[in-house]
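Worksheet for the structure shown next.
The values are calculated or read from the model by the stated rules, or taken from the named source; none is laboratory data. All values derive from a computational prediction rather than experimental measurement. Here the Cβ is made from the backbone with ideal geometry for all residues, glycine too, and neighbour counts use every protein chain on show.
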Amino acid sequence: AKYTGTDRSREHSPSLDATAQHHAELAAALRRGLELGEFRLLYQPIVELPTGALSGVEALIRWHPSDRPVISPAEFIPVAEHSGLIIDLGAWIIDQACTDAATWQDRHGTAPRVNINVSARQLLDPSLPPLVADTLHRHGLTPESITIEITETAVFAGGAALETVRELRELGVGLALDDFGTGHSSLTLLRTCPVTTLKVDKSFIDDLNGTAEQEAIASSLSTIASTLGLRAVAEGVETRDQVDRLHALGYRYAQGYYFARPIPAEEIDALLNTPIPT
Ligand code: C2E
Ligand code: CA
Ligand code: CA
Ligand code: CA
């Protein structure tokens with residue numbers, strides 16, 4: 001049939017096809033990558049202020065395809081979600097994080113609490129809580145060994161997501177609300193969602209350059225956390241000046257390039273007995 005669209009849509013539809021095809025290829029490559037063992041978890045320290053003691057680590061995934069440079073999760077996690085592969089990939093992530101936690105525990109008699117990111121699609125899967133329980137059990141870990149990081153968007157993705165979150169909390173694992181403050185209903189969520197930790201989004205930390213408004217917001221977010229008996233973790237801390245201000249505003253936990261980038265599991269070993277200088 002002869003194409004009758006406008007010039008604009010004529011330009012648009014081949015590129016949509018190209019995007020769809022790119023996604024399909026990426027999804028197939030991801031599945032192969034999972035079979036071939038091309039994924040790695042890195043761990044970014046979460047430190048206690050002002051001592052710099054290692055409080056926990058956040059597991060952050062990387063993909064190293066054999067034929068291409070490393071691909072960032074921002075690019076492939078959405079594709080993994082859309083294609084459903086996130087269920088299998090997510091199971092691998094939970095297992096790998098627990099493997100590393102058990103190794104730290106064996107070697108040092110102690111392990112930092114491991115934060116594991118889960119996406120919307122995983123929260124819609126009712127088998128997530130039993131999978132988490134089983135994985136902890138297989139590795140001989142207590143539920144307190146891990147914290148599941150969720151986002152507001154993921155919790156609001158459907159009614160079942162909130163139920164999954166509650167079941168996870170009932171297991172005894174920690175629950176962190178990621179990118180806190182960036183959604184539309186962050187405060188509403190605190191009434192219904194049994195979180196233990198607020199991860200205050202980098203955008204609130206970036207502008208902590210002494211303007212009264214920025215300080216007031218960052219300070220309120222930490223006050224909300226402490227009033228509710230939750231931990232607040234400042235995300236994306238990059239400078240010494242931010243560290244000083246956060247400490248003055250009552251933050252006890254922080255994460256960011258100032259302290260450490262995401263690093264391989266073996267490099268976390270070295271930190272287990274040595275505080276990171278603040
Ligand atoms: P996120 O969960 O908000 O993770 C924080 C991101 O900020 C990470 O990017 C981390 O490397 C980066 N970051 C940490 N400190 C700093 C800093 O001081 N400055 C700056 N500019 N960035 C900092 P990354 O590793 O590229 O991950 C991006 C996103 O991909 C994550 O955002 C998360 O949404 C998703 N992701 C990563 N790993 C996983 C995973 O295992 N499962 C799932 N479902 N999603 C993941
Ligand atoms: Ca996170
Ligand atoms: Ca975050
Ligand atoms: Ca984020």
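Restricting attention to segment 117-152, the residues being under 12 Å from G90 (Cβ atoms), away from ligand 4 (no atom under 16 Å from the Cβ), of a type in the set (A, V, I, L, M, F, W, C) and part of a helix (DSSP H, G or I) number 3. If you go through segment 179-214 and keep only what is within 14 Å of ligand 2 (Cβ to nearest atom), over 19 Å from S145 (Cβ atoms), outside any helix (DSSP H, G or I) and charged (D, E, K, R), you end up with D179, D201. Could you check, for segment 170-178, whether at least one of its residues is assigned to a loop (DSSP other than H, G, I, E, B) and modelled with pLDDT of 95 or more? Checked segment 170-178: at least one residue is assigned to a loop (DSSP other than H, G, I, E, B) and modelled with pLDDT of 95 or more. Has segment 164-171 got any residue that is over 21 Å from D125 (Cβ atoms) and among the hydroxyl-bearing types (S, T, Y)? No, that holds for no residue. Between Q214, Q242, the distinction of being more than 16 Å from ligand 4 (Cβ to nearest atom), of a type in the set (S, T, N, Q) and touching a residue at least 24 places away in the same chain (Cβ under 8 Å) belongs to Q242 only.
Which ones in segment 30-59 are within 16 Å of ligand 4 (Cβ to nearest atom) and either among the small types (G, A, S) or surrounded by 19 or more Cβ atoms within 10 Å (Cβ to Cβ) (or both)? Hits for segment 30-59 are Q44, I46, E58, A59. Within the set R231, R240, R245, the sole residue that is in contact with a strand residue (DSSP E or B) (Cβ under 8 Å, 6 or more places away or on another chain) and basic (K, R) turns out to be R231.
Restricting attention to segment 57-92, and to residues there that are in a helix (DSSP H, G or I) and within 16 Å of ligand 3 (Cβ to nearest atom), which single residue is nearest to Q44 (Cα to Cα)? This residue is P73.
Looking across D100, D95, D17, D106, one residue alone is part of a helix (DSSP H, G or I), touching a residue at least 24 places away in the same chain (Cβ under 8 Å) and surrounded by fewer than 17 Cβ atoms within 10 Å (Cβ to Cβ). It is D95. Per this entry, I61 is not counted among residues that are hydrophobic (A, V, I, L, M, F, W, C) and at pLDDT below 95. Give the number of residues within segment 22-74 that are free of Cβ contacts under 8 Å to residues at least 12 places away in the same chain and not small (G, A, S). Qualifying residue count for the region: 9. Here T164, T196 are screened, and the one residue that is within 16 Å of ligand 3 (Cβ to nearest atom) and closer than 28 Å to A102 by Cα is T196.
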